[in-house]
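The values are calculated or read from the model by the stated rules, or taken from the named source; none is laboratory data. Just so we're clear, the structure is a prediction, and the values are computed from it rather than from any experiment. No Cβ is skipped: glycine too gets one built from the backbone with ideal geometry, and neighbour counts run over all protein chains shown.
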Amino acid sequence: MGSQLWRPDAERLKKANMTRYMDYLAQKKNLKFKSYGDLWKWSVESREDFWVSIWEFGGVIASKKWDKALENPDQMLKSKWFVGSRLNFAENLLRYRDDREAMVFRGESGNSRRISYAQLYDQVARMAKSLRDFGVQKGDRVAGFMPNMIETIIAMLAATSIGAIWSSCSPDFGIKGVLDRFGQIQPKALFSANGYSYNGKNLDSLERITGILKDLPSIKKVVIVPYTQDAPDIGSVPNAVMWNDFISKQSGLDIEFEQVPFDHPLYIMYSSGTTGLPKSIVHGAGGTLLQHLKELMLHTDLKREDKIFYFTTCGWMMWNWLVSSLAAGATLLLFDGSPFYPDAGALFKYAEDEKMTVFGASAKYLASVEKAELKPKEKYNLDSLKAMLSTGSPLSVESFHFVYDHIKKDMCLASISGGTDIISCFALGNPIGAVYEGELQTRGLGMDVRVFDEDGKPVVGQKGELVCAKSFPSQPIYFWNDPDGSKYRAAYFDYYPNIWQHGDYAELTEHDGMIIYGRSDATLNPGGVRIGTAEIYRVVEGMDDIQDSVVIGQPWDNDVRVILFVVMKQGRKFSNELANIIRKNIRENTTPRHVPSIIMEVTDIPHTLNGKKVEIAIRKTIAGEEVKNKDALANPDALEQYKKRKELME
């Protein structure tokens, strides 16, 4: 058992939202729990009552309450939550309309922009009017190719106030990466900044937007936010208009919040694209709202006076999660750029300047801060911090100790885990519980999370598959372009019928914590960002010199590094020059995170009998593990050349 690193004191326990929630259950429902463990047990055994209590405790705004809280409770794919209710997601996030700060935005320049809740409501009202006047209606898709800035959130809230569906990706995606996503959903309008900043450089987005529009005729309007330039030339971008020219000039507008069913589509998110195009995962308005209220209020202990930050792009579900903090009335601290510009302390300087209370980042970021030999508590005043959140990949034991030794002793360190698939978490923080090294504190309330062994039996203290055994409100409502639901079923329910298999290799500990060892499938996770092998294959195998390729993630230095193996076409030679061209093509067509650390030549790549590459078998071979299912391979001898490669051991 790992050592205990932190436990909340009596004052913190008393003030925690989780304590207030337990008091609420005692007073209003006559439910008394001695411990968090007892509360969790009730929340999964009586999950209909639990989620009703979250609706009430979270103060969900709805024009009509539900007729039935849960239909088909025993069927994960057919469960329906809060049937008959009518609400609007944006209305719930805009419940506060006072002069408190809603958002602060800081770019690499170090200058900050601020907007109050009253100003935010006004801006969303004006943008919603402009979108309606342009012709955006309920069910239309509105896309963002934006940095994590104030205007991105205004655009999302304006679109969703109408009942339109929002989808966004990060501006560091190449043209193909954007088309692989937005091409599936055919958006009517697109929001983009003219560019973005990274590591002291301003990078242009307009040229890429022009390239994207050539293959995306559904987009009838492009709204450009001036960011890296005050007056960019948008003449080459079809149907483009500047933000200030598009947004309504009227003031004092009321937002007409379109009332929609609980499972009306809100967001379209994208899987990593391991076996083809990224899956377009559709999340519902009510399920997203309820789950985020629970996670932010109870598991993160978020209150109105808090200032919450997450280092994320708009292509990661942590952006959607962060934005929901508006429903708690907290201040969102937004950031665009490199977290190491102008130096390794950039984000800690931001924390000090703004008196940040909740600091979220990836496990890779924390490991990189440690590598940079920065000891933030010696250089920055971090007295305001009460919690640090980490996700994207498992947080190492060393990083747990680094946080408490060199960032802050008295705060809740919550390693959290879930994903795009559920737009939320399966395991996360518990502000009234202890933190143990290397462990996620707890399973989420209302989430019947278990670890199954190879026989499909639940186990504790043993590694196995992370599953969720009962339905929950933030399951995807469906996949886009999947009319019979076959892609959805195959993604989560093929292995254990009626039980969600998440694809994480995990262990439940004896004090109800969780350890996650990484993905149990072939998805890559460099720097804590989940990416898919198929996105790399589409670039590499489109090159004239390359016959075939395979990419794997190799655990390395508390992270994962991407290794690409290529088979050359007959008569073509592999060289360092070609490797650099491959890297350049991958960077330009996907993101910098997709770029392999090592590119090596091989003569053969193992495939299954039906032609699939076997990344997991190669990964196991490189790690010196036994590959058990060689009979399924068309060419098992190909694995031999991946053994004991000197270049992969250094």
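Looking only at region 555-611, count every residue that is surrounded by fewer than 17 Cβ atoms within 10 Å (Cβ to Cβ), closer than 28 Å to GLU625 by Cβ and in contact with a Gly (Cβ under 8 Å, 6 or more places away or on another chain) and tell me the total.
Within region 555-611, residues that are surrounded by fewer than 17 Cβ atoms within 10 Å (Cβ to Cβ), closer than 28 Å to GLU625 by Cβ and in contact with a Gly (Cβ under 8 Å, 6 or more places away or on another chain) number 1.
Show me the strands (runs of 3 or more DSSP E) entirely contained within region 328-402 in which 3 or more residues are among the acidic types (Asp, Glu) and surrounded by fewer than 18 Cβ atoms within 10 Å (Cβ to Cβ).
none
Being β-branched (Val, Ile, Thr), under 27 Å from the mean Cα position of the chain (by Cα), closer than 23 Å to MET149 by Cα and not assigned by TED's automatic domain parsing to the domain that holds ALA62 is the requirement here; does VAL178 meet it?
Yes: the conditions hold for VAL178.
Can you confirm whether VAL435 is under 22 Å from GLY461 (Cα atoms), in the same structural domain as GLU48 (by TED's automatic domain parsing), among the hydrophobic types (A, V, I, L, M, F, W, C) and surrounded by fewer than 21 Cβ atoms within 10 Å (Cβ to Cβ)?
no
Can you confirm whether region 466-479 contains a residue that is β-branched (Val, Ile, Thr), within 19 Å of the chain's Cα centre (by Cα), part of a loop (DSSP other than H, G, I, E, B) and farther than 22 Å from ALA617 by Cα?
yes
Filter the strands (runs of 3 or more DSSP E) completely within region 26-83 down to those with at least 1 residues that are modelled with pLDDT of 95 or more and crowded, with 19+ Cβ neighbours inside 10 Å.
The qualifying strands (runs of 3 or more DSSP E) are 68-71, 80-83.
Quick one: in region 612-627, which of the residues that are among the β-branched types (Val, Ile, Thr) and farther than 15 Å from ARG645 by Cβ is surrounded by the most Cβ atoms within 10 Å (Cβ to Cβ)?
VAL614
Condition first: outside any helix (DSSP H, G or I), at pLDDT below 95 and closer than 19 Å to VAL323 by Cα. Can you find one or more residues in region 160-170 that meet it?
Yes, region 160-170 contains at least one residue that is outside any helix (DSSP H, G or I), at pLDDT below 95 and closer than 19 Å to VAL323 by Cα.
Give region 110-129 a look and list any residue that's assigned to a loop (DSSP other than H, G, I, E, B) and either within 12 Å of ILE150 (Cα to Cα) or of a type outside the set (S, T, N, Q) (or both), or say none.
Answer for region 110-129, where residues must be assigned to a loop (DSSP other than H, G, I, E, B) and either within 12 Å of ILE150 (Cα to Cα) or of a type outside the set (S, T, N, Q) (or both): just GLY110.
Return the residues of region 199-229 that are among the aliphatic types (A, V, I, L, M) and in contact with a helix residue (DSSP H, G or I) (Cβ under 7 Å, 6 or more places away or on another chain); say none if nothing qualifies. Quick ask: steps written out before the conclusion?
So in region 199-229, the residues among the aliphatic types (A, V, I, L, M) come out as 203, 206, 209, 212-213, 216, 219, 222-225.
Passing the criteria: ILE212, LEU216, ILE219, VAL222, VAL223, ILE224, VAL225.
Filter region 628-641 down to the residues that are modelled with pLDDT of 80 or more and more than 20 Å from SER520 (Cβ to Cβ), then identify the one that is surrounded by the most Cβ atoms within 10 Å (Cβ to Cβ).
Only one residue fits best here, namely ALA638.
I'm trying to understand the selection: among the residues of region 381-408, which are at pLDDT below 90 and of a type in the set (S, T, N, Q)?
Selection gives THR391, SER393, SER396, SER399.
A quick yes/no check of all residues on (1) part of a loop (DSSP other than H, G, I, E, B); (2) within 30 Å of LYS65 (Cα to Cα); (3) in the same structural domain as PRO473 (by TED's automatic domain parsing); (4) under 18 Å from the mean Cα position of the chain (by Cα):
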{"position": "TYR227", "(1), (2), (3), (4)": "yes, no, no, no"}
{"position": "SER251", "(1), (2), (3), (4)": "yes, no, no, no"}
{"position": "GLY287", "(1), (2), (3), (4)": "no, yes, yes, yes"}
{"position": "LEU290", "(1), (2), (3), (4)": "no, yes, yes, yes"}
{"position": "GLU305", "(1), (2), (3), (4)": "yes, yes, yes, no"}
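Determine whether region 480-496 contains at least one residue that is assigned by TED's automatic domain parsing to the domain that holds PHE426, outside any strand (DSSP E or B) and surrounded by 22 or more Cβ atoms within 10 Å (Cβ to Cβ).
No.
Looking only at region 497-520, filter to residues that are of a type in the set (Ser, Thr, Tyr) and assigned to a strand (DSSP E or B); which one of those is surrounded by the most Cβ atoms within 10 Å (Cβ to Cβ)?
Filtering first and then ranking leaves TYR505.
Please state which of the following conditions THR228 fails to meet, knowing it meets all the rest: (1) farther than 20 Å from ILE115 by Cα; (2) surrounded by fewer than 24 Cβ atoms within 10 Å (Cβ to Cβ); (3) in contact with a Ser or Thr (Cβ under 8 Å, 6 or more places away or on another chain).
So THR228 meets the others, but not (1).
List pairs: first in region 1-22 and of a type outside the set (Gly, Ala, Ser), second surrounded by fewer than 15 Cβ atoms within 10 Å (Cβ to Cβ), Cβ under 7 Å, 6+ apart or cross-chain?
Filtered contacts from region 1-22: MET1/GLU510; THR19/LEU13.
I'm trying to understand the selection: among the residues of region 419-463, which are among the aliphatic types (A, V, I, L, M), more than 20 Å from the chain's Cα centre (by Cα) and part of a loop (DSSP other than H, G, I, E, B)?
ILE432, ALA434, VAL459, VAL460
One line per residue, one yes/no per condition, for (1) in a strand (DSSP E or B); (2) under 30 Å from GLY360 (Cβ atoms); (3) at pLDDT 85 or above; (4) not assigned by TED's automatic domain parsing to the domain that holds VAL602:
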{"position": "GLY527", "(1), (2), (3), (4)": "no, yes, no, yes"}
{"position": "TYR537", "(1), (2), (3), (4)": "no, no, no, no"}
{"position": "MET543", "(1), (2), (3), (4)": "no, no, yes, no"}
{"position": "GLN547", "(1), (2), (3), (4)": "yes, no, no, no"}
{"position": "VAL550", "(1), (2), (3), (4)": "yes, no, yes, no"}
{"position": "PRO555", "(1), (2), (3), (4)": "yes, yes, no, no"}
{"position": "ILE563", "(1), (2), (3), (4)": "yes, yes, yes, no"}
{"position": "VAL567", "(1), (2), (3), (4)": "yes, no, yes, no"}
